[in-house]
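Here the structure is laid out as structure tokens; the discussion comes afterwards.
The values are calculated or read from the model by the stated rules, or taken from the named source; none is laboratory data. Only a predicted model underlies this, so the values are computations on that prediction, with no experimental measurement involved. Cβ sites come from the backbone with ideal geometry, for glycine too, and all protein chains shown count toward neighbours.
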Amino acid sequence: MGREVTIVGQGLAGTCLAWRLWDRGRDFCLVHRGDRPSTSFISAGLLTPVTGRNLNPSWRLEEFLREARAFYEKVEMVLGEQFFHEVPIVRLFADADERSRFEGKRGKIDQWTGEALEEGNCPYHAPHGGVIWKGGGRLDTRRFLEASRGYFREAGLLEEQEVDLQGPLPDTEVTVLCAGAAGLGQGPFGFLPERRAKGELLTVRIMGFPEERIVSRNGWLIPLGGGLFRAGSTYRWDDLSETVTKDGRAQIEELISSFTSLPYEVLEHVAGVRPIVRQSRPVIGRHPEIENLVIFNGLGSKGVLYAPGVAERLVSHLCEGTEIEDDLNVRALAG
């Protein structure tokens, strides 16, 4: 007989799930697909409390943000390095309508609002002003995944191999598919109403640019330290390849130029596909017909916020039999 749980995929979902099982002392195997990086590995790791043109707080924000902070702090203590960085977010309004929506919603988002910015006190060209969000930050997803992989490898809990997502299940009591975009649109969970989206990112060096906060307007610029920034991101639904494009790069370079006139050097250009099921709300739970097949997917662009808390709920279900909430349960989407 194999392990209690086999986790397929070492992106944010699979890694957070592994840490939750490790915390309970459960027997598991984390299967990683070798040298091919997951979309989580190349993601910006952005956590922003209020998102979109409609300026809505992220779903169940206060609850999941509290759990995410506690989770990352605990893993940081185990691994001896910092991955999550709390960073204010300067949100610049794209137009007068966006500014008007902000004014109309201030009562609902007051706890996340640090300071409203007018054109005169904004450090950028921002004719409609902006706002500084509190509670935001970034996760160094690459280091988080690399360090976690090394830890689990040393503990004998990680295997590097390809898994056929439509083939026979591993020799294990429970298999959890944390396969991201590759696990949507086909296979045993092909019934999910997914809407995957491709995104491209640039890592750039901008010497002399003093900004230490995340800056956002139709995209974002994230400081990494040492004059390095990550910039993005694009959305495409008609091309789900992981190939970078000239159009994607041009769009992001235009974004950078809207924030600063300083020269910059492009160091890296990457692309990945976001696993979106329903408005970047994750889904977890058992397959409606295959009891020992489980999914954890649909983190979209909000994995940093949701992965730790949702992983806890899934592990609580697997280990203690806790019922999965309807707004997370994959069986609620099975029709």
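Residue check: is A116 farther than 26 Å from P282 by Cα, surrounded by 13 or more Cβ atoms within 10 Å (Cβ to Cβ) and of a type outside the set (K, R)? Spell out how you get there, then give the answer.
Values: farther than 26 Å from P282 by Cα: yes; surrounded by 13 or more Cβ atoms within 10 Å (Cβ to Cβ): yes; of a type outside the set (K, R): yes.
For A116, the condition - farther than 26 Å from P282 by Cα, surrounded by 13 or more Cβ atoms within 10 Å (Cβ to Cβ) and of a type outside the set (K, R) - is met.
For (1) aliphatic (A, V, I, L, M); (2) surrounded by 21 or more Cβ atoms within 10 Å (Cβ to Cβ); (3) out of contact with any strand residue (DSSP E or B) (no Cβ under 8 Å at 6 or more places or on another chain); (4) assigned to a helix (DSSP H, G or I), each residue gets a yes or a no:
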| site | (1), (2), (3), (4) |
| --- | --- |
| A13 | yes, yes, no, yes |
| A44 | yes, yes, no, no |
| R53 | no, no, yes, no |
| W59 | no, no, no, no |
| L65 | yes, yes, no, yes |
| A70 | yes, no, yes, yes |
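With the requirement that a residue be of a type outside the set (A, V, I, L, M, F, W, C), part of a helix (DSSP H, G or I) and out of contact with any strand residue (DSSP E or B) (no Cβ under 8 Å at 6 or more places or on another chain), what does region 72-82 give you?
Filtering region 72-82 for residues of a type outside the set (A, V, I, L, M, F, W, C) gives 72-74, 76, 80-82.
This time we only want the ones that are part of a helix (DSSP H, G or I), so: 72-74, 76.
The answer is K74, and nothing else.
Conditions tested, residue by residue: (1) surrounded by fewer than 16 Cβ atoms within 10 Å (Cβ to Cβ); (2) in the same structural domain as R213 (by TED's automatic domain parsing); (3) in contact with a strand residue (DSSP E or B) (Cβ under 9 Å, 6 or more places away or on another chain).
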| position | (1), (2), (3) |
| --- | --- |
| R99 | no, no, yes |
| P123 | yes, no, yes |
| A126 | no, no, yes |
| G130 | no, no, yes |
| R153 | yes, no, yes |
| T175 | no, no, yes |
| G190 | yes, no, no |
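Determine the pairs where a residue that is closer than 11 Å to D327 by Cβ, located within region 273-285, has a partner that is charged (D, E, K, R) and modelled with pLDDT of 90 or more with Cβ atoms under 8 Å apart, the partner being 6 or more residues away or on another chain.
Taking only residues 6 or more apart or on different chains, the pairs are R281/D327; I284/R313.
Okay, residues lined up against (1) part of a strand (DSSP E or B); (2) within 18 Å of the chain's Cα centre (by Cα); (3) modelled with pLDDT of 95 or more:
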position: H125; (1), (2), (3): no, no, no
position: H128; (1), (2), (3): no, no, no
position: G135; (1), (2), (3): no, yes, no
position: F144; (1), (2), (3): no, yes, yes
position: R149; (1), (2), (3): no, yes, yes
position: D164; (1), (2), (3): no, no, no
position: G167; (1), (2), (3): no, no, no
position: D171; (1), (2), (3): no, no, no
position: V176; (1), (2), (3): yes, no, yes
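Kindly list, by first and then second residue, each pair from a residue in region 221-234 that is in the same structural domain as S258 (by TED's automatic domain parsing) and more than 18 Å from G199 (Cβ to Cβ) to a residue that is at pLDDT 95 or above and among the hydroxyl-bearing types (S, T, Y), limited to pairs with Cβ atoms under 8 Å and residues at least 6 apart or on different chains.
Going by the 8 Å Cβ cut-off, the qualifying pairs are L228/T203.
Conditions: (1) exposed (fewer than 14 other Cβ atoms within 10 Å of the Cβ); (2) in a strand (DSSP E or B); (3) in contact (Cβ under 8 Å) with a residue 40 or more places away in the chain. H85 meets all but one. Number of the miss?
Single failed check for H85: (1).
Hey, V277 hits all of (1) farther than 22 Å from A13 by Cα; (2) touching a Gly at 6+ places or on another chain (Cβ under 6 Å) but one; which does it fall short on?
Tallying (1) farther than 22 Å from A13 by Cα; (2) touching a Gly at 6+ places or on another chain (Cβ under 6 Å), V277 fails exactly one: (1).
Among the listed residues L145, L184, L139, identify the single one that is surrounded by 14 or more Cβ atoms within 10 Å (Cβ to Cβ) and farther than 20 Å from A68 by Cα. Full working, then the answer.
Details: L145 fails: farther than 20 Å from A68 by Cα; L139 fails: farther than 20 Å from A68 by Cα.
Just a single option satisfies the conditions, and that option is L184.
List every residue pair whose Cβ atoms sit under 6 Å apart, with the two residues 6 or more apart in sequence or on different chains, where the first one lies in region 54-74 and is closer than 17 Å to L328 by Cα and the second, anywhere, is among the basic types (K, R).
W59/R281
Take region 294-317 and flag every residue that is at pLDDT 95 or above and either over 24 Å from R69 (Cβ atoms) or polar (S, T, N, Q) (or both).
Those that are at pLDDT 95 or above and either over 24 Å from R69 (Cβ atoms) or polar (S, T, N, Q) (or both): V294, I295, N297, S316.
Any residue in region 90-105 that is closer than 22 Å to G303 by Cα, in a helix (DSSP H, G or I), in contact (Cβ under 8 Å) with a residue 60 or more places away in the chain and touching a Pro at 6+ places or on another chain (Cβ under 8 Å)?
Initial filter on region 90-105 (closer than 22 Å to G303 by Cα): 90-91.
Remaining after also requiring in a helix (DSSP H, G or I): none.
There is no residue in region 90-105 that is closer than 22 Å to G303 by Cα, in a helix (DSSP H, G or I), in contact (Cβ under 8 Å) with a residue 60 or more places away in the chain and touching a Pro at 6+ places or on another chain (Cβ under 8 Å).
Look through region 151-162, keep the residues that are under 24 Å from the mean Cα position of the chain (by Cα) and charged (D, E, K, R), and return whichever of them is farthest from F296 (Cα to Cα).
Top of the filtered list is R153.
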